[in-house]
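Here the structure comes first, spelled out in structure tokens, and everything after it is commentary.
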Amino acid sequence: MNLDELLQGLFPSGHDVRVEGAIASGTGRLPGLEVAVLGAVGGAEVGVAEALRLAAGVLRVVRDHPGRPLLFPVDTRGQRMARREEMLGLNGALAHLAECVELARQRGHRTLGLVHGEAVSGGVLPLGFMADEVHAVPGARPAVMNLRAMARVTKIPLPRLEELSRASAVLTPGLESFVATGAIASVWQAPLDAALAAALARPGGPDRRMALGAARGGRTLAQRVAARVEEEGT
Amino acid sequence: MSAPPAPRRSYREAGARRRLLAVLDPGSFRELVGPAERVQSPHLAALDLPAAFDDGVAVGRGTLQGRPVLAASQEGAFLGGAVGEVHGAKLTGLLRLAAREQPAGVVLLLDSGGVRLQEANAGLLAVSEILRALLAARAAGVPVVGLIGGGWGCFGGMGIVGRCCDGLAMSEEGRLGLSGPEVIETTCGVEELDTRDRALVWRLYGGKHRIVLGEADLLVEDDLAAFRAAAASLLTRRRVLTLERLCQAQEALEGRLADFGSCADPVDLWAAAGVVAPAELPLLEPEPFLAAVARARRPVP
């Protein structure tokens, strides 16, 4: 789904979201509620400049519109891989962005990630996946990397990886796997404005992704292991 | 007359548990969900890879100069310290415990190439959960500090986790970044980054550059005792999650991009930052290095 279709579906009463250099930002209107929209879109790579623009956007909402919910549309092919980005400390810029999202949460902003295109690694970690809840629309393509690249890096032959990945939600790229592991809470169907309003009506609460992954059978150990560390430590 | 200095014991060469035992007070470490419990990855056997009884990370509690802390140490010798489902869940569980229990701090001995590709989706999600749990612990008032001095450095999603700590100590040989040199060379070609150019790799990712950038707070010798002292000193600093502090950080990072964005190499960046003889920085011992960069450093608030 492209961003225009997505925004029309989410905000039938209108929005003023603009895209400049792969960063979407603006405000959408729901009955009785304004929602801040902010995200890297159009399959963009996220480098230092993009990360800082996104962080500035989060800080602006926190400063000027206390409590306004934040929606992060996600369509990014990941972090920009380049010598210059590393020289400028891209990991630090992304960490700063993640801190800004945490600040918003601490100050009572509801945050939602919504994957409508690609959602790859460093592009989605500090913003979309930092949200209270992450959802998707049909056709979303979340991944860590494609199987061909994975075969090259892990030195596992591609046919073997393809065969293994058919049975494993932790290995296969794609929406189905990310739902099964709990990374994506649900896939929204039309009408999207109703799905958005329902999500915003729920309280933020703790990170529920491990419990979702366990319940759905796509990631069975994480919940138990984390709980065991907490229990033994108590 | 002072006693002769204790012989150096390399942090880099030590294993994950040896590092933990040396950083924490002697005899104080108690591991949680230790290797005897054989909590290991269920995903590796299908790929004909051996599993480890601790999935490559030790977590537990101890004291640091008498103060109660929670601590974790990643084992680079096992799959490069990479984060899989179980490895990540142990770290997340520890950080959740910290938010609830309010120890004097959490000490993370980071040594990781990032997400474990053999269980890619679970690894990415695990890093995301670590990030949320770490920032929740900080928001609950618990300082989290990171130490980087292992052979794998701190890369991928763990490079983001590292910078989400209140304070970071690195050795010159420790490396910190997002996309590692091999990943960039494989993805973008040898013209973008030639991994055989070791000097370039150290200039980009090494502790000295991270100190100049303001990404690391302390530069320490590759010595277990030096890392212990650094961890104790970092526990006293906080980067509070307030609008004011984050606006200052935003300004500092925008300034970095504006001032250094057109530099082609870290040496140019060091010159632009005001280092007098930038080409000599890689050769300097820590003390003269810190003196040479004292005015050029750009700490992020």
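Here residue A:215 meets the list (1) within 13 Å of chain B (Cβ to nearest Cβ); (2) touching a Gly at 6+ places or on another chain (Cβ under 9 Å); (3) without any contact (Cβ under 8 Å) to a residue 40 or more places away in the chain almost entirely, failing just condition (1). The single condition among (1) modelled with pLDDT of 95 or more; (2) small (Gly, Ala, Ser); (3) farther than 30 Å from residue B:245 by Cβ that residue A:174 does not meet is (1). Is it the case, given these coordinates, that residue A:46 is surrounded by 18 or more Cβ atoms within 10 Å (Cβ to Cβ), farther than 20 Å from residue A:197 by Cβ, of a type in the set (Val, Ile, Thr) and within 14 Å of chain B (Cβ to nearest Cβ)? Yes; evaluated as a whole, the condition is true for this residue. Only one of A:119, A:151, A:104 is assigned to a helix (DSSP H, G or I), more than 9 Å from every other protein chain (Cβ to nearest Cβ), of a type in the set (A, V, I, L, M, F, W, C) and under 20 Å from residue B:184 (Cα atoms); which? Of A:119, A:151, A:104, the one residue that is assigned to a helix (DSSP H, G or I), more than 9 Å from every other protein chain (Cβ to nearest Cβ), of a type in the set (A, V, I, L, M, F, W, C) and under 20 Å from residue B:184 (Cα atoms) is A:151.
Within the option set A:89, A:113, being facing chain B (nearest Cβ under 7 Å) and either modelled with pLDDT under 95 or crowded, with 23+ Cβ neighbours inside 10 Å (or both) holds for one residue only, A:89. On the basis of being closer than 30 Å to residue B:36 by Cβ and either at pLDDT below 95 or more than 8 Å from chain B (Cβ to nearest Cβ) (or both), does residue A:186 make the cut? Taking the combined requirement at face value, the residue does not satisfy it.
Quick grid of which residues meet (1) buried (at least 21 other Cβ atoms within 10 Å of the Cβ); (2) part of a loop (DSSP other than H, G, I, E, B); (3) touching a strand residue (DSSP E or B) at 6+ places or on another chain (Cβ under 7 Å):
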| position | (1), (2), (3) |
| --- | --- |
| B:36 | no, no, no |
| B:42 | no, yes, no |
| B:49 | no, yes, no |
| B:53 | no, yes, no |
| B:61 | yes, no, yes |
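Within region B:243-297, being among the basic types (Lys, Arg), under 19 Å from residue A:55 (Cα atoms) and surrounded by fewer than 17 Cβ atoms within 10 Å (Cβ to Cβ) holds for one residue alone: B:245.
For beta carbons closer than 6 Å, sequence separation of 6+ or different chains, a first residue in region A:7-34 that is in contact (Cβ under 8 Å) with a residue 24 or more places away in the chain and a second that is of a type in the set (S, T, N, Q) and crowded, with 16+ Cβ neighbours inside 10 Å, the qualifying pairs are A:34/A:27. The condition of being outside any loop (DSSP other than H, G, I, E, B) and either more than 20 Å from the chain's Cα centre (by Cα) or surrounded by 14 or more Cβ atoms within 10 Å (Cβ to Cβ) (or both) does not hold for residue B:6. For region B:209-227, give me each residue that is within 16 Å of residue A:88 (Cβ to Cβ) and out of contact with any helix residue (DSSP H, G or I) (no Cβ under 6 Å at 6 or more places or on another chain). If the condition is that a residue be within 16 Å of residue A:88 (Cβ to Cβ) and out of contact with any helix residue (DSSP H, G or I) (no Cβ under 6 Å at 6 or more places or on another chain), then B:210, B:211, B:213, B:214 are the ones that fit. When residue A:147 is tested against (1) buried (at least 18 other Cβ atoms within 10 Å of the Cβ); (2) farther than 22 Å from residue B:131 by Cβ; (3) at pLDDT 90 or above; (4) out of contact with any strand residue (DSSP E or B) (no Cβ under 7 Å at 6 or more places or on another chain), just one condition goes unmet, and that condition is (3).
Go through the residues of region B:154-166 one by one and say whether even a single one is in contact with a strand residue (DSSP E or B) (Cβ under 7 Å, 6 or more places away or on another chain), surrounded by fewer than 24 Cβ atoms within 10 Å (Cβ to Cβ) and within 24 Å of residue B:236 (Cα to Cα). The answer is yes; a qualifying residue exists. Quick one: is residue B:199 in contact with a helix residue (DSSP H, G or I) (Cβ under 9 Å, 6 or more places away or on another chain), surrounded by fewer than 19 Cβ atoms within 10 Å (Cβ to Cβ), touching a residue at least 60 places away in the same chain (Cβ under 8 Å) and over 21 Å from residue B:146 (Cα atoms)? Here the answer is yes, as residue B:199 does meet what is asked. Restricting B:66, B:62 to those that are touching a Phe, Trp or Tyr at 6+ places or on another chain (Cβ under 9 Å), of a type in the set (Gly, Ala, Ser) and modelled with pLDDT of 95 or more reduces the list to B:62. Contact map, region B:237-263: first residue more than 8 Å from chain A (Cβ to nearest Cβ), second residue surrounded by 13 or more Cβ atoms within 10 Å (Cβ to Cβ) and among the β-branched types (Val, Ile, Thr), Cβ cut-off under 6 Å, separation 6 or more or different chains; pairs are B:252/B:300.
The values are calculated or read from the model by the stated rules, or taken from the named source; none is laboratory data. Keep in mind it's a predicted model, so treat the numbers as computed, not measured. Counting neighbours? That spans all protein chains shown, and the Cβs are built from the backbone with ideal geometry, glycine included.
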